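**Q** Once you've had a glance at the structure underneath, I'll fire off some questions.
The values are calculated or read from the model by the stated rules, or taken from the named source; none is laboratory data. Predicted model, so just to flag it, every value in this text is computed and none were measured. Every residue, glycine among them, receives a Cβ derived from its backbone with ideal geometry; neighbour counts consider all protein chains shown. Surface accessibility is based on the protein's heavy atoms, side chains included, excluding ligands, DNA and RNA. Shrake-Rupley method; radii C 1.70, N 1.55, O 1.52, S 1.80 Å.
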Amino acid sequence: MSSRPSEHAELLELLRQSLDRELLPAEGIRLAQALETKEWLRDELALLQALRNSLKQLHPAPSPSFTARVLQRLPEEQQLLRPLIVRWRSVAAAACIALLLGLGLIYNASGNLDSEAILGLEQMELDDVYAFDE
């Protein structure tokens, strides 16, 4: 290992950066000298390169028939969604009716549709406000 833990961390970071970008000339020289003298850094480089190569192999090859298969299944998916779209109108109408009934009940009880009446704050006393504050 290196003589200083911070040097070890700096060299590892420099090694990782060298895989992602072109190093400055001074950084490149420092890394090259460290790779010549430090076996653990060469091992780390080999490990990172092997990991990078194995990750490249995980990507599937593009399939020209993929788009055709998706377009072929699209009408099937539309058939599944059609009943939901038809029912959506009924659900939306029922929600509007429920909203109107609720507002009607609030108006009947309080005589207005202020935000205080809708939230039920119209009937609160000052002691109730202090109780909520605690």
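**Q** Could you tell me whether the stretch 44-54 includes any residue that is in a loop (DSSP other than H, G, I, E, B) and not hydrophobic (A, V, I, L, M, F, W, C)?
**A** For the stretch 44-54, residues in a loop (DSSP other than H, G, I, E, B) and not hydrophobic (A, V, I, L, M, F, W, C): absent.
**Q** Right, something else. Does Glu10 fit the bill of being surrounded by 14 or more Cβ atoms within 10 Å (Cβ to Cβ) and either under 22 Å from Leu55 (Cβ atoms) or of a type in the set (Asp, Glu) (or both)?
**A** yes
**Q** If you don't mind, there's one more thing I want to ask. Could you count how many residues in the stretch 62-106 are modelled with pLDDT of 80 or more, polar (S, T, N, Q) and either open to solvent by 90 Å² or more (accessible area, probe 1.4 Å) or closer than 29 Å to Arg16 by Cα (or both)?
**A** 1
**Q** Based on what the data block shows, is His59 farther than 30 Å from Ser115 by Cβ and surrounded by 10 or more Cβ atoms within 10 Å (Cβ to Cβ)?
**A** No.
**Q** Pick from the stretch 17-43 the residues that are surrounded by fewer than 14 Cβ atoms within 10 Å (Cβ to Cβ) and not in a helix (DSSP H, G or I): which of them is farthest from the chain's Cα centre (by Cα)?
**A** Across the stretch 17-43, the extreme among qualifying residues is Leu24.
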